[in-house]
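Where a number appears in this text, it was derived from the coordinates with a stated rule and is not lab data. Quantities reported herein were computed from a predicted structural model and do not represent experimental measurements. All Cβ positions, even for glycine, are placed from backbone atoms using ideal geometry, and neighbour counts span all protein chains on display.
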Amino acid sequence: MDADVAFFARARADVLARIAAACARSGRDVAAVTLVAVSKTAPVDRVRAAIAAGLTVLGENRVQEAAGKVPVAPGAAWHLVGPLQSNKARRAVELFDAIETLDSVELAIRLDRLAGEVRPGRPLPVLLQVNVDADAAKAGFAPADAPGAVAAVLALPNLRLDGLMTIGRLAISPEDARATFRELRDLSDSLRALHPELGPELSMGMTDDFEVAVEEGATIVRVGRAIFGERPRAADAVADPR
Ligand SMILES: *Cc1c(COP(=O)(O)O)cnc(C)c1O
């Protein structure tokens, strides 16, 4: 096996084992958790090796960067995990299999129109990003605005609202993020009581806190550094909203 592929097979196994342990601690089924490997800043040859190692759901946070990878790294599903500007929405719909960062109704309306053109008959999976902690540095709907947003997005025929997404607070200890994750799960429960068509997905948890997120009900974890290694600091300042 190619050295890079062996490296990623090991990294994948390690992260999956940690997810499985968190599931065991919280009485959850490990099959209910999807690992999204966040490949931002990783060069395309490493991305290809990651796919060959079985990391077949990948996350990117910039449309431009994804445009250089998605067409030349086949065999994976791609999630957008960064903020989406309206002028890049068409390209995003062409490239990505899911948009995890739906943060305005205006963007939803645009994505709905574009999805109807680019992929007719195949509604685009989206997650509503919620800014649980009202952090000024983060995008997403305030929890109080989520009910109206869910109703508006559910009315759009070319989008499929699979659930909610949040970014945990930047913290010293992973435990500090637990309250945020619990709030997102509670919000999902109350929204789904109102709107049964809202999907059950909860995308929460990154390298520093994904185990806590799984304990609190995450169905999607977005893990970058624990798989691809530390990112260059300068690149991260731009690429990572936290
Ligand atoms: C970069 C990023 C991740 C992955 O972060 P790591 O700390 O490297 O695991 C997850 N989600 C979002 C939204 C990101 O921007």
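Ranking of Val81, Val57 by neighbouring Cβ atoms within 10 Å, starting from the fewest: Val57, Val81. Karplus-based coupling profile of the stretch 220-232, in residue order and whole Hz: 9, 10, 10, 10, x, 4, 5, 10, 8, x, 4, 8, x, with θ = phi - 60° in 6.51 cos²θ - 1.76 cosθ + 1.60 and x standing for Gly or Pro. On full extension, the segment bounded by Ala6 and Leu170 gains 55.9 nm, given 0.36 nm per residue less the C-alpha separation. Backbone geometry of the stretch 154-162 corresponds, through the Karplus equation with coefficients 6.51, -1.76 and 1.60 at θ = phi - 60°, to 3J(HN,Hα) couplings of 5, 7, 8, x, 9, 10, 10, 7, 7 Hz, x marking Gly and Pro.
For the stretch 3-230, relative contact order (Cα pairs under 8 Å, six or more residues apart, normalised by length) works out to 20 percent. Computed about its Cα centre, the charge dipole of the stretch 3-230 is approximately 660 debye, with only Lys, Arg, Asp and Glu carrying charge at their Cβ. Only one residue of Gly140, Ala218, Ala31 has its Cα farthest out toward the positive end of the dipole of the stretch 3-230, where Lys and Arg carry +1 and Asp and Glu -1 on Cβ, and that residue is Ala31.
Look at Leu128, Leu194, Leu187 and count the other Cβ atoms within 10 Å of each Cβ; fewest to most, that gives Leu194, Leu187, Leu128. Close amide H partners of Trp78, meaning residues 5 or more places away or on another chain with modelled amide H under 5 Å apart, are Leu58, Asp97, Ala98. Computed extension length for Arg233-Ala151: 25.6 nm, one decimal, from 0.36 nm per residue of separation with the Cα-Cα distance subtracted. Considering only Pro174, Ala20, Pro74, and ranking their Cα positions along the charge dipole of the stretch 3-230 that arises from unit charges at the beta-carbon of Lys, Arg, Asp and Glu, the one farthest toward the positive end is Pro74. Between Met165 and Leu128, Gln129, Val130, Ser203, the built amide H atoms are under 5 Å apart, and every one of these is 5 or more places off in sequence or on another chain.
Projecting the Cα positions of Gly121, Leu198, Thr101 onto the charge dipole of the chain (unit charges on Cβ atoms of Lys, Arg, Asp and Glu, taken about the Cα centre) puts Gly121 furthest along the positive direction.
Looking at the calculated P(r) for the chain, what percent of the C-alpha pair distances fall above 23 Å? Within the chain, distances greater than 23 Å cover 47 percent of Cα pairs.
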